[in-house]
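The values are calculated or read from the model by the stated rules, or taken from the named source; none is laboratory data. This is a predicted model, so every value here is computed, not measured. Every residue, glycine among them, receives a Cβ derived from its backbone with ideal geometry; neighbour counts consider all protein chains shown.
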Amino acid sequence: MQEKSVITREVSAAGGVFAPGHLGELTQVVDFELVDAALEETGARERRLRLLRSRVVLSFVLALALFEDCSYLAVWGKLTAALDTLAPVHSAASSLARARRRVGTAPLRWLFEIRAGPVAGRGQAGSFYQGLRTVALDGTYLHAPDEAQVTWRYPKRVGQVLEFGYPLLRLVAVVECGTRALLAAGFGPEPEGQLPYARRLLGCLDASMLLLADANFDAIDFLHDLADTGA
């Protein structure tokens, strides 16, 4: 019989009512220290002790992105399903919404800017061509809720007579080919078109990269700006 080895590892989790700050495998990428740094750097840390601490709320918002088809309470249930012995908070959807507004968007932007970037090592299949790191630029649409709090910023499409469909959010991103790692992303109202958003993302490019893009980006001014990056 061959010898067997057992490999184990330990994962640290916040204790007690703050345990929902742990997000399983995601915590290996965005750990507690990084979340705390984001809150500190953006001034979003709570000023008094709360049951829904800012660290927990930020982890909750990250989980909303992982489980985008789930409600607030369903996502909270996923965060706390295995924590009954630690007596986690049982929050109402309204409490989670208020906590999310309290923390704001700045820590999320800070986290994205810290974590975004190429990850492929030299020689990784699909990520390099002729020694250049291959990255791709493209855009897409996301549907937003058809509510007054949204439509003032993200309008519906307008036909000859009526508005129709859901409000649309335009998302443009630069990703690393092969790994799909995000280098930069921008979003906003759909009517502005892709090029204004794409121009804002050129700062992530350099002379080590080969940019792939479709005909929607074939505009001479944009290509001149692209050439200035060295890519």
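Is it fair to say Ala185 is in contact (Cβ under 8 Å) with a residue 24 or more places away in the chain, farther than 22 Å from Arg109 by Cβ, outside the structural domain of Asp69 (by TED's automatic domain parsing) and among the aliphatic types (A, V, I, L, M)? It is false that Ala185 is in contact (Cβ under 8 Å) with a residue 24 or more places away in the chain, farther than 22 Å from Arg109 by Cβ, outside the structural domain of Asp69 (by TED's automatic domain parsing) and among the aliphatic types (A, V, I, L, M). Evaluate the stretch 89-106: report whether one residue or more is in contact with a Gly (Cβ under 6 Å, 6 or more places away or on another chain), not assigned by TED's automatic domain parsing to the domain that holds Leu195 and not in a helix (DSSP H, G or I). No, the stretch 89-106 contains no residue that is in contact with a Gly (Cβ under 6 Å, 6 or more places away or on another chain), not assigned by TED's automatic domain parsing to the domain that holds Leu195 and not in a helix (DSSP H, G or I). With the requirement that a residue be surrounded by 13 or more Cβ atoms within 10 Å (Cβ to Cβ) and small (Gly, Ala, Ser), what does the stretch 102-118 give you? Matches in the stretch 102-118: Gly104, Ala106, Ala116.
Restricted to helices (runs of 4 or more DSSP H) entirely inside the stretch 119-231, those with at least 2 residues that are at pLDDT 90 or above, exposed (fewer than 12 other Cβ atoms within 10 Å of the Cβ) and among the charged types (D, E, K, R) are 220-228. For the stretch 40-55, the tally of residues that are at pLDDT 80 or above and not in a helix (DSSP H, G or I) stands at 5. Scanning the stretch 172-206 for residues that are more than 19 Å from Val119 (Cβ to Cβ) and hydrophobic (A, V, I, L, M, F, W, C) yields Val172, Phe187, Leu195, Ala198, Leu202.
Here Cys70 passes the criteria (1) surrounded by fewer than 18 Cβ atoms within 10 Å (Cβ to Cβ); (2) assigned by TED's automatic domain parsing to the domain that holds Ala37; (3) part of a helix (DSSP H, G or I) except the one numbered (3).
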